[in-house]
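The values are calculated or read from the model by the stated rules, or taken from the named source; none is laboratory data. What you see is a predicted model; the values in this text were computed from it and never measured. All Cβ positions, even for glycine, are placed from backbone atoms using ideal geometry, and neighbour counts span all protein chains on display. Remember, those area values only see protein heavy atoms, side chains included, never the ligands or the DNA or RNA. Shrake-Rupley method; radii C 1.70, N 1.55, O 1.52, S 1.80 Å.
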Amino acid sequence: MMSSIIKENGVTFKELEKNIYAWVCQIGREFTKEFLERYDRMLMEGRDKKKYRNKGARQTTVKTVYGEVTYQRIVYEVTEEDGTRRFVYLLDETLDLDHVGLISTNLSELLVKGITELSYRECALQVSEMTGQTISAMGVWNVIQALGEKVCEEEAELTEEYKRGNVKGKKDVPVLFEEADGVYIKLQGKNRKKEKQDKAEIKIGIAYDGWRKTGPDRYALENKVVVAGFAKAKEFQEYREAVIAKEFNLDEVSQRILNADGASWIKKVKDKSTCFQLDPFHRNKAVKEKIHEEAARDAILELLKEDIEELFQYLETYRNSLSDEDEIEDVEDLIHYYENNQEGLVPYQSQGLELPDPPEGLEYRNMGTMENHVWSVIAKRMKHGHRSWNHLAKILAKKCSGKLHEVTERLRKPVFEEEKVEELYGEILMSAKAPKKDGKGYQYPAIGHVVGLDGKIQGERKRLLYMAGY
């Protein structure tokens, strides 16, 4: 029956799907409008009339996954003890939409997930295509900035709590592996003028307690925590420690191991009791960049595995054998780099540490995942697109930690009282039903009073209802 009707009317399933989706979104918008306005009336009737003086209704719009919902809510005048007056919307305070403007939590979650993979423009386009909502690239940017600001505020609160000694994680681990690195990002507009430079370094820190085998020759970092931001070294270290302390019980950690490239700011964030390992990628990369002869490169890379004292002797001898000033300068740079990081030239496994056995199911393996994380956390999404916003970096770090949900989680707190919600649902649905007596009780047709079904049935709605058999 349905198939023949579609063919007769020349409607493809794609068109049918789009029409039904648009219609359902319209129903959702009208239902939401009805719900919000009825709830606002409930708040009006139950308010403290002496405190809140009714000053009439005002219109506003909230963006949802099924489109913009325009509704009326009442504004109240409140007189403070000092005589000052202010105006409030009880419904807006109940909705608690001040986090990201008049954007629903569900829509915020879609935008946050999209922006970690796509540009602002692409994210706006995709969300607009997949939902009943139309949002611009600037609209997405505004949401991310608002959410990112909340993440920054929470970071500051967590850091202060850590300084007071009030942060203690529940995970007891014997060894904590840490990595740190930085990546320079091109600044734009106001950021460039403010910093008086074209680039700024985003610092990235990672902590985990071992490796878990996930397949043949495949391992995943266990309980990974990632932080990122443009902060100065001291500020970054304080927040990094706070995040680690939130996840792990540091009192139970017998050994901390830090893998890094030896940058000066990283040395400042390293605890004295922490074992330092120069990142193998950067250690070997320096040889390939500074040593121009292949045979000498191979010899140096081999000595790094065998004898550090002999390595420095070889570098001195090699430098003295050169005549080209540029090559000599490169070798001296390499010697200086290795001298500054001599304690970490060999892997942590070769530094004489007595490590306790790893927790069940975990292994202790070679460190050096930082470069991959720099790419996955920052460079892949920001570096080549010249996007340097600190808020986006923090959201990307949340994603890499597997905690992207925390960006919008605080918006999930209960807003409406459950009993009132059920009461309003019932009222709205009952008002949409038009009882029809046929001798066998009541039957409720699909066409009722509200939510997109009242009024004159024409156009696409008339066509859809006909196709559905009404």
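Key figures
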{"item": "Pairs with Cβ under 8 Å, 6+ apart, first in segment 122-143 and within 18 Å of H391 (Cα to Cα), second open to solvent by 10 Å² or more (accessible area, probe 1.4 Å) and of a type in the set (F, W, Y)", "result": "A137/Y120; M138/Y120; V140/Y120; W141/Y120"}
{"item": "Meets criteria (of a type in the set (V, I, T), buried (at least 19 other Cβ atoms within 10 Å of the Cβ) and in contact with a strand residue (DSSP E or B) (Cβ under 7 Å, 6 or more places away or on another chain)) for V175", "result": "yes"}
{"item": "Per-region count, segment 265-281, residues without any contact (Cβ under 8 Å) to a residue 24 or more places away in the chain and not charged (D, E, K, R)", "result": "1"}
{"item": "Number of the exception - K267 against (1) among the charged types (D, E, K, R); (2) surrounded by 13 or more Cβ atoms within 10 Å (Cβ to Cβ); (3) more than 30 Å from A228 (Cβ to Cβ)", "result": "(3)"}
{"item": "Pick from segment 123-140, criterion closer than 16 Å to V62 by Cβ and not hydroxyl-bearing (S, T, Y), ranking: surrounded by the fewest Cβ atoms within 10 Å (Cβ to Cβ)", "result": "G132"}
{"item": "K150 being of a type outside the set (V, I, T), within 23 Å of E406 (Cα to Cα) and at pLDDT below 85", "result": "yes"}
{"item": "Conditions (1) of a type in the set (S, T, N, Q); (2) within 22 Å of Y337 (Cβ to Cβ); (3) at pLDDT 85 or above; (4) open to solvent by 80 Å² or more (accessible area, probe 1.4 Å); number of the one not met by T214", "result": "(2)"}
{"item": "Checklist (1) in contact with a helix residue (DSSP H, G or I) (Cβ under 9 Å, 6 or more places away or on another chain); (2) open to solvent by less than 50 Å² (accessible area, probe 1.4 Å); (3) in contact (Cβ under 8 Å) with a residue 40 or more places away in the chain applied to L110, failing item", "result": "(2)"}
{"item": "Count of segment 270-303 residues which are of a type in the set (F, W, Y) and open to solvent by less than 60 Å² (accessible area, probe 1.4 Å)", "result": "1"}
{"item": "Extreme residue, modelled with the lowest pLDDT, among residues of segment 48-88 that are closer than 26 Å to C25 by Cβ, outside any loop (DSSP other than H, G, I, E, B) and open to solvent by 60 Å² or more (accessible area, probe 1.4 Å)", "result": "E68"}
{"item": "V287 vs. criteria part of a helix (DSSP H, G or I), within 42 Å of the chain's Cα centre (by Cα) and among the β-branched types (V, I, T)", "result": "yes"}
{"item": "Any hit, segment 254-264, residues being among the small types (G, A, S) and either crowded, with 21+ Cβ neighbours inside 10 Å or in contact with a strand residue (DSSP E or B) (Cβ under 6 Å, 6 or more places away or on another chain) (or both)", "result": "yes"}
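Residues are listed down the side, and each one gets a yes or a no for (1) at pLDDT below 90; (2) outside any helix (DSSP H, G or I); (3) hydroxyl-bearing (S, T, Y); (4) farther than 20 Å from K394 by Cα:
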| site | (1), (2), (3), (4) |
| --- | --- |
| I185 | yes, yes, no, no |
| K193 | yes, no, no, yes |
| K203 | yes, yes, no, no |
| A207 | no, yes, no, no |
| V227 | yes, yes, no, no |
| I266 | yes, no, no, no |
| Q277 | no, yes, no, yes |
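Listed here are the residues, each with its yes/no results for (1) open to solvent by less than 30 Å² (accessible area, probe 1.4 Å); (2) in contact with a Leu (Cβ under 9 Å, 6 or more places away or on another chain); (3) modelled with pLDDT of 70 or more; (4) not hydrophobic (A, V, I, L, M, F, W, C).
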| residue | (1), (2), (3), (4) |
| --- | --- |
| Y364 | no, yes, yes, yes |
| N372 | no, no, yes, yes |
| H386 | no, yes, no, yes |
| W389 | no, no, no, no |
| L392 | yes, no, yes, no |
| G402 | no, no, yes, yes |
| E406 | no, no, yes, yes |
| R412 | no, no, no, yes |
| E418 | no, no, yes, yes |
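For every residue, the table says whether it meets (1) within 30 Å of Q255 (Cβ to Cβ); (2) at pLDDT 90 or above; (3) open to solvent by 30 Å² or more (accessible area, probe 1.4 Å).
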position: E309; (1), (2), (3): yes, yes, yes
position: Q313; (1), (2), (3): no, yes, yes
position: Y318; (1), (2), (3): no, yes, no
position: E327; (1), (2), (3): no, yes, yes
position: E332; (1), (2), (3): no, yes, yes
position: E343; (1), (2), (3): yes, no, yes
position: P347; (1), (2), (3): yes, yes, yes
position: G352; (1), (2), (3): yes, no, yes
position: P356; (1), (2), (3): yes, yes, yes
